[in-house]
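Written out below as structure tokens is the structure these notes cover.
The values are calculated or read from the model by the stated rules, or taken from the named source; none is laboratory data. Just so it is clear, the model here is predicted, and its values are computed rather than measured. All Cβ positions, even for glycine, are placed from backbone atoms using ideal geometry, and neighbour counts span all protein chains on display. Accessible surface areas use protein heavy atoms only, side chains included; no ligands, DNA or RNA. Shrake-Rupley method; radii C 1.70, N 1.55, O 1.52, S 1.80 Å.
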Amino acid sequence: MAIEFKPSPSLPPPSNAVGAVAWVRKNFFSSPLNIFLTVFSFYILYLLVPPTVEWAFLDATWSGENKDACTAGGACWAFIVAYFDQFMYGLYPQTEYWRINLAAILLALLIGMYAIKAINKLILSIAVLIVYPVVAYFLFAGGILGLEVVETSLWGGLFLTTLLGVVGIVASLPLGVVLALGRRSNMPIVKSVCVVFIETVRAVPLITILFMASVMIPLFLPDGLNFNKLLRVLIGITLFSAAYMAEVIRGGLQAIPKGQYEAADAMGLTYWQSMLLVILPQALKLVIPGIVNTFIGLFKDTTLVYIVGMFDLLGRIQSATHDGDWLGTTTEGYAFAGFIYWAICFGMSRYSMAVERKLDTGHKRN
Amino acid sequence: ATLDDVKAKGFIQCGVSTGVPGFSNADSTGKWSGIDVDACRAVSAAIFGDADKVKYTPLSAKERFTALQSGEIDILSRNTTWTYTRDASLGLDFTTTNFYDGQGFMVRKDLGVEKAMELDGATVCTEQGTTTELNMADFFRKHSMDYVPVVVQKADEALSAYASGRCDVYTTDKSGLAAHRSKLSDPSAHMILPETISKEPLGPVVRHGDNQWKDIVTWTLFVQINAEEMGISSENVAKIKAESTDPGIRRLVGAEGKMGEALGLGSDWAYNIIAEVGNYGEVFERNVGPDTRVGLPRGVNNLWTEGGVLYAPPVR
Amino acid sequence: MSEKTTTNTSFFNDAGNRALLFQVVLLTAVVAIGYYLFHNLQANLQNQGISTGFAFLNEPAGFPILIHLIEYTEAGTYGRAFLVALINTMLISFIGIVLATIIGVIMGLARLSQNWLVARLATVYIETLRNIPLLLQMFFWYFAVLAALPHPRDSIIFGDFFLNKRGIYSPNPIFQDGFGVVIFGFLACVVAAIALIVWAKKRQTRTGVWFPAYWTSCGIIVFGTIACYFLAGAPVTFDLPEASRFNVKGGMVLVPEFVAVLVALSTYTGAFIAEIVRAGILSVSWGQTEAARSLGMRDSITQRLIVLPQALRVIIPPLTSQYLNLAKNSSLGAAIAYPELVAVVMGTTLNQTGQAIETIGLCMLVYGSLSLSISFFMNWYNKKMSLVER
Amino acid sequence: MTDRNMALAQLEPGEDAIIEFKDVNKWYGEFHVLKNIDFSIKKGERIVVCGPSGSGKSTMTRCINRLEEHQKGHILVDGIEMNDNLKNIEAIRKDVGMVFQHFNLFPHLTILENLTLAPIWVRKTPKKEAEEMAMHYLERVKIANQALKYPGQLSGGQQQRVAIARGLCMKPRIMLFDEPTSALDPEMIKEVLDVMIQLADEGMTMVCVTHEMGFAKTVADRVVFMDAGEIVEANTPHEFFDNPQHDRTQLFLSQILNH
Amino acid sequence: MTDRNMALAQLEPGEDAIIEFKDVNKWYGEFHVLKNIDFSIKKGERIVVCGPSGSGKSTMTRCINRLEEHQKGHILVDGIEMNDNLKNIEAIRKDVGMVFQHFNLFPHLTILENLTLAPIWVRKTPKKEAEEMAMHYLERVKIANQALKYPGQLSGGQQQRVAIARGLCMKPRIMLFDEPTSALDPEMIKEVLDVMIQLADEGMTMVCVTHEMGFAKTVADRVVFMDAGEIVEANTPHEFFDNPQHDRTQLFLSQILNH
Ligand SMILES: Nc1ncnc2c1ncn2[C@@H]1O[C@H](COP(=O)(O)OP(=O)(O)OP(=O)(O)O)[C@@H](O)[C@H]1O
Ligand SMILES: Nc1ncnc2c1ncn2[C@@H]1O[C@H](COP(=O)(O)OP(=O)(O)OP(=O)(O)O)[C@@H](O)[C@H]1O
Ligand SMILES: [Mg+2]
Ligand SMILES: [Mg+2]
């Protein structure tokens, strides 16, 4: 007596509901405002894209001895080609470029090794964080094993930019952790020292800190005691981003439920054990996006060393555009610099998203 | 004392500009050259017998004094004008003048300006933190002319701003003008106006309070001037040392007496300066002379005997 | 009872003592280092005969400043120059914050737009500007744009407006006698408009009848002021810009340095603000919008009464840090001749007087208090917002 | 298939229908979520919609006040066709109240403000009047004493009752409930159902997606069973529970009753 | 009050007491949360603590392993006084296991790592040994097969059992339970109580804050009833339930039993 139920077949949607036409209608022409926005956007694209493509590709000149070779009316990429080595390595002696390349390859290899399961991550980390910097320093500076000494004042270009960025990043993280823990400490003096440091540093522009580092530190040191300008600038950058890092990490620490601290205490772990084994691994994972944002900010901020007379990528480009042979290539220089910074920063932020996703599936599954 | 420090570390830290052709400029391999650079090299030759024991710190105008005060550098050799305030209150000592300069103006030829007095209402580009900034202000105030100052952080950018048409006029020391003009894409389209609106004695600067160091730097230059006067050059100095009988020359090149000792230097200090770096004339011709891209005439920077103002006290 | 109460503890095992000891050590170290640095500084200053103190602030400065909102000539003192620079910094920060907020809100909304093209364009804008150093962007806006503009002789002219490498020139109003009447009229219109809004609100509460008070009051202010202006006999004349030998003379001018710094700061910070706005709006669940819709509320009202108040809670704290960043980043203007604090004080003044400690201290003090007051204001606003909510 | 729809259609004379679905079809992208829905609801009728998860119950209900668009067919509410016309949509939404499973109260407003917001801004009721009315409805759902609290300070059952009162404040002629009790514990479910039964007794047109079969039996005029985007069966509760026509319905009921 | 404390004291000879509270007082700021707690627990005793919410049960328990500090009086655990001495605190915490209401498992570590963390770092047990022991306890609570999962992947009851196993892995002589079952559903409550009963049978000293009166009746040696920061009554379960001395206790019991 029961009627048998057969679901009716699913039909394809009417053509005005799906497919390209529907998509276009829904996205571009669904309301008068939308139509206006579409037209307006197309107008902007029309204004921007064709001239840019023409300038950057169609009419561009890719090789030549000086500005006079660039007659096509488009970008004068010949300038970038001619100065490419300087943009990458600064004034580092040409015959010694291999040292920088070698260090870069080493680093890439080491980082790549993280993907291999069989390798102990702790040992690898020690290699990356302690052994590698020493090796890299001697590679760059020379002075042992018959390597020619290369003054830090010759270091420049993307090499210097990367160096400043990487060292700043690696050094500011642990310092930030310590500051963040200090700020959450219940010892009043420790806490206030950290608070004062963090807030002071965050309140002033990086330029003033770099200026202090580059020319004023010696005033505070006894006669004759002095150390390398690059090192001082590095310290300045590190302190600056450590203050920001500390605030990011503090956010993560605050997000860890009190129960986790109590459980660790109840198990008899000491303060440092419970921080290192229980709290920090969770807190740092929580704030990966914030940490990466700080990294990206730091990387972009390295351009300010140009103001205190160091020639990073931007500095090298800026001074190359003053070369009489290449005058009037400012736009090309900036476009090139912009592209490099953009690629690195954008890459970093995408990579962090990927890492986050990976850690996510690994640990929390509720 | 600075000399001991320098000897201990084995090199001189020399503060130079971030790039003025002929005065201090790094080529694409990072090698520095110019009159200001040679000043440091000469001191290095005097102390170490080797002109290349110098390390350079490029400084913008606004960093330079602090860098010297703080001990970041040993000599500031970076077209710095000797003025009363700077000498008296900055904690600095000007040694002596190695280039007599004066501030001038550069304009585009097609502007049709012939004299500085025609600049009423012009926009003027210059570098931040220099006497140029003050002289410019004084000049326009004195002649009650209007102007728009565009003061850029670095000389290079100031020149860029001028080149891109932000300003009608670029002002700095005349030597600098010539050097900078050489950097422009079409130097001949620009002209340097005839007026000199200030006195700009340029020379190396050292920290206040270390007289020995100041003397070394001062006398290094005097040696070079005296050498030119006596006709000693890097080419013939070895021969002269061996052959000359003139006691003045013999004292200078260290063939007789121990002139270097009073400064804490070896007796061949002056010999080394001349051999390694050359006499003043050589330095000038090599870096900014008429045959170089900068192309400056000797002018007032000639020996007193030749109608210039270079007059060095005798070495005796 | 108490025979076994205290097992003897070594001094160092006591938690309180340990903390105390550690803190004493830290404090001693901080004080010692501080003293050491200060001592060295004094010795160094003394050795080199560098003068100290703030007396230089009363001495004549002798250098010109491109942009000064208050009266300033080369004969002014360093103190006056400092003030001029301070005002320039605050000016650029304030206008920059306003512009960046507007750009950020528009771009944030655009990125959420239903229009695919608009959303993509906004994304490209945000991802590009966020990932390129600000200094580079400043150079770009200054030099590349400067290069694209015409020479003063070939100025682009719209009526009394000129556009060229030297800036944007516009007529400069000069107020004659009787302008007071106009100001008075304007104030009266504002009062009337406020009264109208209050009345409309009251009536609406009472009767439910609506009155488009906001538009009407805008009209009252605009037209009322214009009417007063003509009634008072148009008491403003304009100093019109005109081409002269080198430049355009007279009028009011927006110099390229100011424009470049402003554009760079506000577009750069705007990109960050856009992301903050977007995240804030997305944090309000779609259910809220649906609920409002099912109550018959129009989308504009829904946005205003439901979504925005909730989004603001999420938006304000990160927005504060962006404002702080903008204020601090204005110091990069020094690199392209915008005469702000770092350029005038840490640049020229420091160079003429050689007093590094004092000038840099002054700068840090100013930025410190600027930052403090921005975060103070934003915290106050945040608190006010959250009080209304909870 | 057609005859099944015919059978359903026969049940409705359609003259005094307040909600009419005419051959409504809806797609999410390629996914055919509502198939030929042809159904109408009379004024004052109380409809309970049930069916397995994902069968399109929520979607159908949300089409009534156009929180979702349909792509084919016609939906008439109170004689007004639901289409892109914004005026129509606004007019309908004033007349149709909706209570969501997750309440969707406005957390930044007090209970009272939650209730008066729409009357003041949409119906242009004077504030005082709106507040009086709000208090009236709050009393009806027995939480008048909570009027000045914020939603976050109330229990789930209380929040749900506020949501109902909010819907009622617009004096709608039709109320839609989308699983209004599934997020609540048994005690709270009872509270909420009591309020709904009371409303039903007052003759309001109600469409209620729920699996509370007790409620369906007590209150519903008709029970609609959906599966795979179709109305499989629509009948009086009596017929529906005791004598289901389709094997699909039987299967579904057997699962529910065994649970 | 004094005679009540006397009465309690009489119950304890105090010689082989493993936990002793001597006139303990504690304040949170101005708020007097524990008042003259004077009480001791013998080795191997199983104590159930109950009382209304906010009466200080958790606080008292947490004083035992000094997750909270007391301001007056003395607490002796195993003869060691709880004071600022870090060595003492560390020593005590090794001997006292604690199971929290909300488990507080470490979400970034696997179950096995959660269990071996403290043995390895605090007791310096070799890793292999620690793992063997961990597996042993996991078997005891019947979830050995979950050892390599993360806490987020387990159900509430399973998590709670991991928490217990984690406490046991330190081989404590005293276990503290703070409402270990209140976040669980009845089925899971049973699972957890079974494990606890088993532990109790093995003679471990246990202090358990709970309102599971069934558990109290089966397992407890004494039931302690607290209100407003004081111990109102402490007695054998038999006496406590059948013959409560104080009217406060009677009131409380009547509520629980009626529920
Ligand atoms: N926005 C959407 N895009 C695509 N598919 C959707 C969307 N919303 C719902 N669906 C799909 O449409 C179908 C019907 O959804 P609907 O919410 O109406 O089901 P339901 O009968 O209310 O189920 P439940 O009892 O679980 O609430 C489901 O298969 C669902 O996955
Ligand atoms: N950190 C704190 N600061 C101030 N007061 C607190 C704090 N922790 C707890 N209290 C207060 O102390 C009293 C006792 O708290 P406790 O957690 O011991 O109660 P409890 O008996 O365990 O209650 P419950 O059965 O609800 O867990 C409560 O009134 C509580 O509000
Ligand atoms: Mg649903
Ligand atoms: Mg408790």
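Things to note:
- Conditions (1) surrounded by fewer than 22 Cβ atoms within 10 Å (Cβ to Cβ); (2) touching an Asp or Glu at 6+ places or on another chain (Cβ under 7 Å); (3) of a type outside the set (K, R); (4) farther than 25 Å from D:N25 by Cα: number failed by D:T181: (1)
- The lone exception for E:V162 - which of (1) open to solvent by less than 20 Å² (accessible area, probe 1.4 Å); (2) within 16 Å of ligand 4 (Cβ to nearest atom) it fails: (2)
- Selection of helices (runs of 4 or more DSSP H) fully inside segment A:102-218 by the criterion of at least 3 residues being in the same structural domain as A:M310 (by TED's automatic domain parsing) and within 30 Å of C:Q322 (Cβ to Cβ) returns A:157-183, A:188-203, A:206-211.
- Test result for D:V48, within 16 Å of ligand 3 (Cβ to nearest atom), modelled with pLDDT of 90 or more and open to solvent by less than 60 Å² (accessible area, probe 1.4 Å): yes
- Segment B:57-113, residues that are β-branched (V, I, T), in contact with a strand residue (DSSP E or B) (Cβ under 7 Å, 6 or more places away or on another chain) and over 29 Å from A:F311 (Cα atoms): B:T95, B:T97, B:V107, B:V113
- Output for segment C:169-188, where each listed residue is under 29 Å from the mean Cα position of the chain (by Cα) and more than 14 Å from chain B (Cβ to nearest Cβ): C:S170, C:P171, C:N172, C:P173, C:I174, C:F175, C:I183, C:F186, C:L187
- If you go through segment B:117-139 and keep only what is more than 20 Å from B:T81 (Cα to Cα) and part of a helix (DSSP H, G or I), you end up with B:M117, B:E118.
- Of the helices (runs of 4 or more DSSP H) lying entirely inside segment A:243-326, the ones with 2 or more residues being crowded, with 24+ Cβ neighbours inside 10 Å, more than 12 Å from chain E (Cβ to nearest Cβ) and of a type in the set (A, V, I, L, M) are found at A:313-320.
- All positions within segment B:219-250 that are under 27 Å from B:I75 (Cα atoms) and out of contact with any strand residue (DSSP E or B) (no Cβ under 9 Å at 6 or more places or on another chain): B:W219, B:T220, B:L221, B:F222, B:V223, B:Q224, B:N226, B:A227, B:I232, B:S233, B:S234, B:V237
- Unmet requirement for E:A130, which otherwise passes all of (1) open to solvent by less than 50 Å² (accessible area, probe 1.4 Å); (2) within 16 Å of ligand 2 (Cβ to nearest atom); (3) farther than 22 Å from E:I37 by Cα: (2)
- Positions within segment E:45-65 being at positive phi and in contact (Cβ under 8 Å) with a residue 24 or more places away in the chain, in sequence order: E:G51, E:G56
- Residues satisfying the stated conditions in segment D:159-210, i.e. small (G, A, S) and more than 16 Å from ligand 1 (Cβ to nearest atom): D:A163, D:A165, D:G167, D:A200, D:G203
- Within segment D:79-122, tally of residues that are charged (D, E, K, R) and surrounded by fewer than 17 Cβ atoms within 10 Å (Cβ to Cβ): 4
- The set of residues in segment A:94-132 that are farther than 28 Å from A:Y83 by Cα and touching a residue at least 12 places away in the same chain (Cβ under 8 Å) comprises A:L110, A:I111, A:L124, A:A127, A:V128, A:L129, A:Y132.
- Segment C:189-218, subset away from every other protein chain (no Cβ under 14 Å) and in contact with a Ser or Thr (Cβ under 7 Å, 6 or more places away or on another chain), residue nearest to D:A130 (Cα to Cα): C:I197
- Qualifying residue in segment E:188-208 (condition: within 16 Å of ligand 2 (Cβ to nearest atom) and either part of a loop (DSSP other than H, G, I, E, B) or modelled with pLDDT of 85 or more (or both)): yes
- Unique match (being at the interface with another protein chain (Cβ under 7 Å from one of its Cβ atoms), of a type outside the set (A, V, I, L, M, F, W, C) and open to solvent by 10 Å² or more (accessible area, probe 1.4 Å)) among B:R141, B:R108: B:R141
- Residue count for segment B:235-266, restricted to those that are in contact with a helix residue (DSSP H, G or I) (Cβ under 7 Å, 6 or more places away or on another chain) and among the polar types (S, T, N, Q): 1
- Applying the set (1) open to solvent by less than 20 Å² (accessible area, probe 1.4 Å); (2) at negative phi to D:G229 leaves exactly one unmet item: (2).
- Test: residue in segment B:69-82 that is at pLDDT below 85, part of a helix (DSSP H, G or I) and over 19 Å from B:G203 (Cβ atoms): no
- Elements of type helices (runs of 4 or more DSSP H) contained in segment E:33-121, each with 3 or more residues being more than 10 Å from chain A (Cβ to nearest Cβ) and within 16 Å of ligand 2 (Cβ to nearest atom): E:57-64
For (1) part of a loop (DSSP other than H, G, I, E, B); (2) at negative phi, each residue gets a yes or a no:
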residue: B:E235; (1), (2): yes, yes
residue: B:A242; (1), (2): no, yes
residue: B:I249; (1), (2): no, yes
residue: B:L265; (1), (2): yes, yes
residue: B:I274; (1), (2): no, yes
residue: B:G278; (1), (2): yes, no
residue: B:E282; (1), (2): no, yes
residue: B:P290; (1), (2): yes, yes
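- Selection within segment B:265-285: residues that are touching a residue at least 60 places away in the same chain (Cβ under 8 Å) and open to solvent by 30 Å² or more (accessible area, probe 1.4 Å). The member of this set that is nearest to the chain's Cα centre (by Cα) is B:E276.
- Meets criteria (more than 7 Å from chain C (Cβ to nearest Cβ), within 26 Å of B:R286 (Cα to Cα) and open to solvent by less than 40 Å² (accessible area, probe 1.4 Å)) for B:L193: yes
- Which numbered condition A:F28 misses (of (1) open to solvent by 50 Å² or more (accessible area, probe 1.4 Å); (2) over 35 Å from the mean Cα position of the chain (by Cα); (3) more than 14 Å from chain D (Cβ to nearest Cβ)): (1)
- Unmet criterion (only one of (1) modelled with pLDDT under 80; (2) open to solvent by 90 Å² or more (accessible area, probe 1.4 Å)) for C:T7: (2)
- Scanning segment C:25-54 for residues that are open to solvent by less than 80 Å² (accessible area, probe 1.4 Å), part of a helix (DSSP H, G or I) and within 11 Å of chain B (Cβ to nearest Cβ) yields C:N40, C:L41, C:N44, C:L45.
- Residue among E:L34, E:L67 that is farther than 20 Å from E:E212 by Cα and open to solvent by less than 10 Å² (accessible area, probe 1.4 Å): E:L34
- Among the residues listed as C:Y78, C:Y125, the single one being among the aromatic types (F, W, Y), surrounded by 21 or more Cβ atoms within 10 Å (Cβ to Cβ) and more than 9 Å from every other protein chain (Cβ to nearest Cβ): C:Y78
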